[in-house]
Amino acid sequence: MRTLLRSLPLLTLALLPARLPADTNRVAVAVVVHPGNPLDGLTQAELGRVLRQEKQFWDDASAIELHLPGPGLPGRALLLAECGAETEAALKKQWLSRLFRGQSRREPAQHDSPAAVAAKVAAQPRALGLLPASGLPAGVKVLAIEGRKPGDAGYALTEAPLQP
């Protein structure tokens, strides 16, 4: 027992570094809109309402066109978290439930690449999408979330990097 108690601090120090890097490897996800969209930012709560399709119209009453990353792409884990869904099946059920209850117009468009999301957002004046913040293409406008954009200290929209 004494040997275990004496080695406890060493065990704790040995385990500590394995837990620390979790936040240092986070990948920022940008919320993007068409460059002509007058909006400059959203709160994280507003973004959650848009992604859950609880808010479906911009302030000018035009429909928000959601273009989202498909399963396995950067931004998808953030989407699941913001929608409160633990699995892809739960997210699909949430969206379909809103659709069948008449609370949404359609299921959001899901694309197989960040380039496809960017192309749709750049082409549609009322579109909103999620993209990896690194290497953002021309033709989209990045919204601030809680007053911060990707790269700013304290930017909240991050997710763990995809595992190969």
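For the reader, a short list of remarks on this structure follows.
- Quotient of C-alpha Rg and 2.2 N^0.38 Å, computed over region 26-159: 0.96
- In Å, descending, principal axis extents of the Cα set of region 26-101: 36, 34, 19
- In this structure the amide hydrogen of Ala144, modeled in the peptide plane, comes within under 5 Å of the amide hydrogens of Gly41, Leu42, none closer than 5 places in sequence on its chain.
- Dimensionless Rg/Rh of region 68-130 - Kirkwood Rh, Rg from C-alpha atoms: 0.98
- Within region 26-159, antiparallel bridges make up roughly 60 percent of the DSSP beta bridges whose residues both belong there.
- Hits among aspartates and glutamates - C-alpha to C-alpha of Lys120 under 13 Å, sequence gap 8 or more where chains match: Glu65, Asp112
- Couplings for region 33-49, taken from phi via the Karplus curve 6.51 cos²θ - 1.76 cosθ + 1.60 with θ = phi - 60°, read 9, 4, x, x, 5, x, 5, 10, x, 9, 7, 5, 5, 5, 4, x, 5 Hz in order; Gly and Pro are left as x.
- Listing Phe57, Phe100 from fewest to most neighbouring C-beta atoms within 10 Å gives Phe100, Phe57.
Read the figures in this text as sums done on the coordinates, not as results from a lab. It should be emphasised that the depicted structure is a prediction, and the values quoted were computed from it without experimental measurement. Ideal geometry is used to build each Cβ from the backbone, glycine not excepted, and the neighbour counts take in all protein chains shown.
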